[in-house]
2 protein chains.
Amino acid sequence: MRIGELSRETGVAIPTIKYYVREGLLPAGRLTSPNQASYDDGHVRRLRLIRGLIDVGGLSVSSVRDVLAAVDSPEEAVHDVLGVAQGAITPRTAAAPEGMERARQTVAELVRRRGWRVEPDHPSYEKLAVALATLRGIAHGEFEEVMDDYAEACERVAAADLAWAERNAEVDGLVERVVVGTVLGDAVLSAMRRLAHVEASARTFGEAGERGASEAEVKGAGGR
Amino acid sequence: MRIGELSRETGVAIPTIKYYVREGLLPAGRLTSPNQASYDDGHVRRLRLIRGLIDVGGLSVSSVRDVLAAVDSPEEAVHDVLGVAQGAITPRTAAAPEGMERARQTVAELVRRRGWRVEPDHPSYEKLAVALATLRGIAHGEFEEVMDDYAEACERVAAADLAWAERNAEVDGLVERVVVGTVLGDAVLSAMRRLAHVEASARTFGEAGERGASEAEVKGAGGR
């Protein structure tokens, strides 16, 4: 297909498609004449992957490039590629708050308690410590009381993620699945957690909410 | 304290503090002379909250303003304020992918199956549909197979979140806790899920990973 059809098929504007080709995110089309290129279903699929990572996953163009490079390296050992992909899709945190020593200790204890085989130099290890130190800094340190509830929930989700990824035996597709599942899975988890909050909140505070609230204000409160 | 001490105490630069005051995120200091203001512990706490929401939660300045407005309205019914706060901290999604009708149907079925009392106009309802439609668009539609694992994990986390928030009986503090817990809780969940992935991946693919990998490449793989 020509670039115009690729654009219609995916909803991505032509200049944006050209930008992704220049940035190395999308392979160039096959030249059919000096100034005309042809694209195929692989381009459609790759474009949808790129848009999903950017629009829903919130990744930057350069993070997408790292992730796709990992996806495109099926010759590496699977666990290897997963490591690279996991690193690339772990958002960087800007500032290191106070209390990082203590927070790293808390993470180390959690990791030991859960029996997770993960090294302290994994990017998410530090990211978790930053989140905990920040929580403590704004006087919500007792958040650590619920850490094991979070950990059990994450173990359940991770097991489901791996089983889901494994259903595709081919290594190439497997890595893509893990990457997509990790990035878009975060978006799914975040949205579902808020819906579950509404239900939990309705159960706990429902009567107080109904007393003073108009329908329009209480988005999704929906006490029946 | 003076602004210089407030800056040292929180690690936030003086021009940034002034910017937050101008933007209405931080109350102005108490004037002690025509060009000198005095700040207190409330300012320290609020600044840490602002930085946590921005740096760890990834919120924009305008989202932080909405969230703080909800936090600062203790006169409203609790369930009300929670609704506003939940809406404000739900990230907007840029594009609506194809297949939204079907994805909304899938979300409706999930909500019914779980017995969640939540209306279709809740922002996270649509956000979940966008994530699912995107997953389907890049040929990973079978993700819906694991939705109930995700939902159970989210119910567990939401129950822990509410119990944690409830330990502070005062309404003002309660809303702040829910907001902080929601935003920073996402960061905690995202990081923990990746750590749990490492363990689940080591268990599933560990041997293949160890075969071809150098220590440095496999960040956090840590096969023992």
When the range A:46-60 is examined, which residues are found to be under 17 Å from A:V71 (Cα atoms), β-branched (V, I, T) and either touching a residue at least 60 places away in the same chain (Cβ under 8 Å) or assigned to a loop (DSSP other than H, G, I, E, B) (or both)? none
In the range B:111-135, how many residues are more than 22 Å from the chain's Cα centre (by Cα) and under 19 Å from A:V157 (Cα atoms)? 2
Which number in (1) modelled with pLDDT of 85 or more; (2) part of a helix (DSSP H, G or I) marks the one condition that A:R117 misses? (2)
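This table checks each residue for (1) assigned by TED's automatic domain parsing to the domain that holds B:G4; (2) at pLDDT below 70; (3) touching a strand residue (DSSP E or B) at 6+ places or on another chain (Cβ under 9 Å); (4) within 27 Å of B:E144 (Cα to Cα).
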site	(1), (2), (3), (4)
B:S38	yes, no, yes, no
B:H43	yes, no, no, no
B:R48	yes, no, no, no
B:S62	no, no, no, no
B:H79	no, yes, no, no
B:A103	no, no, no, yes
B:Y125	no, no, no, yes
B:A129	no, no, no, yes
Of everything in the range A:144-181 that's more than 7 Å from chain B (Cβ to nearest Cβ) and buried (at least 24 other Cβ atoms within 10 Å of the Cβ), which residue is modelled with the lowest pLDDT? A:V175
Among the residues of the range B:132-141, is there at least one that is modelled with pLDDT of 85 or more and within 8 Å of chain A (Cβ to nearest Cβ)? yes
Could you list, in sequence order, all residues of the range A:6-45 that are free of Cβ contacts under 8 Å to residues at least 24 places away in the same chain, surrounded by 14 or more Cβ atoms within 10 Å (Cβ to Cβ) and aliphatic (A, V, I, L, M)? A:V21
Only one of (1) buried (at least 18 other Cβ atoms within 10 Å of the Cβ); (2) modelled with pLDDT of 90 or more; (3) in the same structural domain as A:G181 (by TED's automatic domain parsing) is not met by A:A85, so which one is it? (2)
From the residues in the range B:46-69 that are buried (at least 21 other Cβ atoms within 10 Å of the Cβ), within 14 Å of the chain's Cα centre (by Cα) and not hydrophobic (A, V, I, L, M, F, W, C), which one is nearest to the other protein chains (Cβ to nearest Cβ)? B:G52
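The values are calculated or read from the model by the stated rules, or taken from the named source; none is laboratory data. All values reported here derive from a predicted model rather than from experimental measurement. Positions of Cβ are backbone-derived with ideal geometry, glycine not excepted, and every protein chain shown enters the neighbour counts.
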